[in-house]
Amino acid sequence: MDLAVGTNLDRFVIIVYFVMVMGFGAYFGKYSKTTSDYFFGGRRFSWWLITISIVATGIGSHSFVKYSTKAYQYGFSSTMTYMNDWFFLPLFMFGWLPIIYYTRVGSIPEYFEKRFNRKARFLATFMILLYMIGYIAIQFLTLSTALYRIYGIPLMATVVIIAVATTLYMHFGGQTSVIFTDLFQGFILIFSGLLLFILGLNYLADHSALGGLQTFWQNLTPAQKLPLAHFNRPPDFNFVGIFWQDGIAGSVGFLFLNQGLIMRFMAARSVNEGRKAAAFNVLLVLPISAIVVSNAGWIGRAIANAVPGALPAGMEGNDVFVAVTNVVSSPGVFGFIIAALCAALMSTADTLVNASSAIIVNDVYRPLAKKKTNDKEQLKIARFTSIGVKVIAVILVPFFNSFDSIYEAHGWFHSTFTPPLVVAVFLGIFWKRFTTPAVIATFLMGAALMIMGQFFPQLVSPFSHGIELRPDRGYSYIGALYNLVVCGGVGVIVSLFTQPESSEKVKGLTVFDVQLLREMFKGSKPNDKQGENVEVSWIVNKVQGDVVNFSKQDMDRMAANKGDLVYVSDSRKWLGGLKSIHSVYGEPHEEEGIVYISEEQLANGQFVEDKSVTAEKEM
Amino acid sequence: MLDFSRTWLPFLYLYGVGGIAFIVGMMLILRTKALNKEIARHRIWLKVLYFGFGFYATLHAVFILLALGSS
């Protein structure tokens, strides 16, 4: 279909948006002074900031395009994948999150080295990088699919332009830039998605004697109003296949293995703030996000039924979002909503690129580097690595473009790359008996059995739940169940026939030791005595080591002792922890209401003169 | 007419199989004391976790009933 859409005003709005976000990212780049800042934002942010930036990461540009397509075809069941993440939240919040936070692992592969050995780390690195770079390629493809219709630039040229634009603000920023641009873009995403819904309802109201919502509801069939798809039909969109591909492999993959998401949680100022972000996100933000990404398809279906001929004839699946937006919005507003699609891409891609370069620096460069390099050099390497990651992603775009739809490309991707990692990390955290030879076998033998499943779909048939086998395509989503079973089977069987790891080696690395982790993190027994937060003024003074000094009275109010951990932040809560530091209580002094900090702490915390700080005892 | 495999079977499968994953997870974090009921803040989290499961199950059930009601 020849779908040329948008006006010059729309094109202008999109360009202005890109420039604005790049400027925003570059501004917050000043907060990235070390690799810790670059990758983890200095572990300082409040839960609400983490939540909104997770929204922007979770909603990729592929989300708008692929969910609109399925929403147009199948109705409300397009929301399935956004509403099935709660099952693994207990294990994430109270198992995985404290482990990664308190063991201070820089990346998921680093966990594999601690829990198993270096070989396991390299295998995990390879698989996670494949997963993330492929994910970035899908993001580039999706946004390009939308933009090349608007600007009339060839698809691959659009891909390259987008890759360069995202590089510019990422290159100078790092995690703090990512978090703050994602905060901005998260709001834009939600606002524009809901705006599109309202515009769609208005459009329906204008073309009917009834109200917009009533027209919308009446022009969907009962089947389109169901929140879950048919159990096992059709093969390209059925409940049970998508449940195993997304609800199980995808949810665990996203929560436990998405380095980008994990880095968000590691940027939280404490484990409890990370828990709040996770719970709030899944409970409230995901259902809203489901409406945001799907509503163009629902509105499109209602328009197709209520106003025949309003949408272009022969519209392709991937074009639903752009076509519906074009019909219901006016010039300028269309550009703004497409800019939100850009926001979705940029915020997801920047997170994944940042995460990929974190993995390359932490898990490839650092372990293999013959001479020790300083933090500044590593930061430089991280920045250039992010460019390399994008180049590879651009090269991969044509492969993903060969799938029938972006939804299927993404589904294949999840069900193929996540199962070995899901099994390895899950058994690693929750089963002490899982051994090093078993994790290696899970990666290698599991992958071999998975490849066999791709070539001989009859191996997958026993798991198919009655889903029809498409002779030329095999099983799309339910392949995830076969992959999980073979990888899990290999892992369990090899574990039972090999020597268990010593308790000392796995100490602090499984859910069984979560209670010990806080003590290991602090280096002494945590102080859980209830105290209050205090607001004090700061002055730069000569302090001994990485400590801060409070008065004896203030320490009593906080119920703190020398050696306890403290979090000091600018008292303006809306900053979300941007200006803050973690430190240790030093010797108390006699000046009540004053905290002594060092020059270095002032530089890291970026505290403002005449603005007070709030101190909170951590443990 | 919407048949069972279009309406309640996916719901039962989702909260049956997903429910097993949820219950196993809850048992594991409670038994290992990763979620320690002696800590006040953890007791609140325990309620939030159960509430979330119920919230999603109710949401899905309500939409199925609404769809059935409109058929």
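Only one residue in A:Asn238, A:Asn219, A:Asn202, A:Asn232 is polar (S, T, N, Q) and surrounded by fewer than 17 Cβ atoms within 10 Å (Cβ to Cβ). Which one?
The unique qualifying residue is A:Asn202.
Looking at the stretch A:482-519 only, could you name the residues that are within 14 Å of chain B (Cβ to nearest Cβ) and not in a loop (DSSP other than H, G, I, E, B)?
Residues satisfying the conditions are A:Leu484, A:Val485, A:Gly488, A:Val511, A:Phe512, A:Asp513, A:Val514, A:Gln515, A:Leu516, A:Leu517, A:Arg518, A:Glu519.
Among the residues of the stretch B:1-35, count how many are more than 7 Å from chain A (Cβ to nearest Cβ) and either more than 14 Å from the chain's Cα centre (by Cα) or free of Cβ contacts under 8 Å to residues at least 24 places away in the same chain (or both).
Number satisfying all stated conditions: 13.
Restricting attention to the stretch A:531-545, does a residue exist that is in contact with a Leu (Cβ under 9 Å, 6 or more places away or on another chain), polar (S, T, N, Q) and either part of a loop (DSSP other than H, G, I, E, B) or away from chain B (no Cβ under 14 Å) (or both)?
No, because not a single residue in the stretch A:531-545 is in contact with a Leu (Cβ under 9 Å, 6 or more places away or on another chain), polar (S, T, N, Q) and either part of a loop (DSSP other than H, G, I, E, B) or away from chain B (no Cβ under 14 Å) (or both).
Take A:Ala369 and decide whether it is among the small types (Gly, Ala, Ser) and either touching a residue at least 24 places away in the same chain (Cβ under 8 Å) or buried (at least 24 other Cβ atoms within 10 Å of the Cβ) (or both).
Judged against the criteria, A:Ala369 is not a match.
From A:Leu255, A:Leu183, A:Leu201, grab the single residue that is closer than 30 Å to A:Ser53 by Cβ and in contact with a Ser or Thr (Cβ under 6 Å, 6 or more places away or on another chain).
A:Leu183
Within the stretch A:473-480, is even one residue assigned to a helix (DSSP H, G or I) and in contact (Cβ under 8 Å) with a residue 40 or more places away in the chain?
Looking for residues that are assigned to a helix (DSSP H, G or I) and in contact (Cβ under 8 Å) with a residue 40 or more places away in the chain, one finds at least one in the stretch A:473-480, hence yes.
Checking the condition within 30 Å of A:Leu311 (Cα to Cα) and hydrophobic (A, V, I, L, M, F, W, C), which residue from A:Phe197, A:Phe265 passes?
Sole residue among the options that is within 30 Å of A:Leu311 (Cα to Cα) and hydrophobic (A, V, I, L, M, F, W, C): A:Phe197.
Give the stretch A:558-608 a look and list any residue that's more than 22 Å from A:Trp48 (Cα to Cα) and touching a Gly at 6+ places or on another chain (Cβ under 6 Å), or say none.
Listed by number, the residues that qualify are A:Met558, A:Ala559.
Pick from A:Asn305, A:Asn374: which is modelled with pLDDT of 90 or more and surrounded by fewer than 23 Cβ atoms within 10 Å (Cβ to Cβ)?
A:Asn305 is the lone residue from the list that is modelled with pLDDT of 90 or more and surrounded by fewer than 23 Cβ atoms within 10 Å (Cβ to Cβ).
Return yes or no: is B:His42 within 19 Å of A:Val240 (Cα to Cα) and out of contact with any Gly (no Cβ under 9 Å at 6 or more places or on another chain)?
No, not satisfied.
Taking the stretch B:59-71, which residues are more than 8 Å from chain A (Cβ to nearest Cβ) and either over 21 Å from the mean Cα position of the chain (by Cα) or among the aromatic types (Phe, Trp, Tyr) (or both)?
If the condition is that a residue be more than 8 Å from chain A (Cβ to nearest Cβ) and either over 21 Å from the mean Cα position of the chain (by Cα) or among the aromatic types (Phe, Trp, Tyr) (or both), then B:Gly69 is the only one that fits.
Here is a list of conditions, (1) among the aliphatic types (A, V, I, L, M); (2) in contact with a helix residue (DSSP H, G or I) (Cβ under 7 Å, 6 or more places away or on another chain); (3) assigned to a loop (DSSP other than H, G, I, E, B), and A:Ala209 meets all of them except one; can you say which number that is?
The single condition A:Ala209 does not satisfy is (2).
From the list A:Thr69, A:Thr57, A:Thr34, pick out the single residue that is among the polar types (S, T, N, Q), surrounded by 24 or more Cβ atoms within 10 Å (Cβ to Cβ) and modelled with pLDDT under 75.
Of A:Thr69, A:Thr57, A:Thr34, the one residue that is among the polar types (S, T, N, Q), surrounded by 24 or more Cβ atoms within 10 Å (Cβ to Cβ) and modelled with pLDDT under 75 is A:Thr57.
Just a yes or no: is a residue in the stretch B:37-58 farther than 18 Å from A:Leu89 by Cβ and at the interface with chain A (Cβ under 7 Å from one of its Cβ atoms)?
No, the stretch B:37-58 has no match at all.
The values are calculated or read from the model by the stated rules, or taken from the named source; none is laboratory data. Note that this is a predicted model, so its numbers are computed, not measured. With ideal geometry, Cβ positions are generated from the backbone for all residues, glycine too; neighbour counts draw on all protein chains shown.
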